[in-house]
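The values are calculated or read from the model by the stated rules, or taken from the named source; none is laboratory data. Values in this document were obtained by computation on a predicted structure and should not be read as measured data. All Cβ positions, glycine included, derive from the backbone under ideal geometry; neighbour counts span all protein chains shown.
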Amino acid sequence: MDDEAYESLNATYERALATMHKYPVLWLQYTQFLAAQHLYTRTRHAYDRALRSLPITQHERLWPPYLAFVKGAQLPETTIRVYRRYLKVSRPVAFLNLTTSILMHACT
């Protein structure tokens, strides 16, 4: 594929996300496609947009590939910033999951 074809497909993903921004699978496909093109800034921005668009309960699906991406991109400062952000939000999500699990078992 040439650059024009890649940009056309990127634009198609953007149009799809304008209306289907609550679909984590679409975000994951798009970020993987951007990363395969070595568009590191756009990939990072797409992951950030996905985290803002999706409910926090869906974030656990995005963080592992996001962390793998920044680690593999070999951008030390960006990697540190993304990992710090992950650590800030990972504890509340883990707590939310644990609390939900406890409540579900208590109700059965």
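In the stretch 11-40, the residues that are more than 13 Å from ARG61 (Cα to Cα) reach residues that are not in a helix (DSSP H, G or I) with C-beta atoms within less than 7 angstrom, at least six apart or across chains, in these pairs: TYR40/ALA73; TYR40/LEU75. With respect to (1) within 18 Å of VAL89 (Cα to Cα); (2) at pLDDT below 95, the lone exception for GLY72 is condition (1). Scanning the stretch 10-24 for residues that are part of a helix (DSSP H, G or I), under 16 Å from PRO55 (Cα atoms) and under 15 Å from the mean Cα position of the chain (by Cα) returns LEU17, PRO24.
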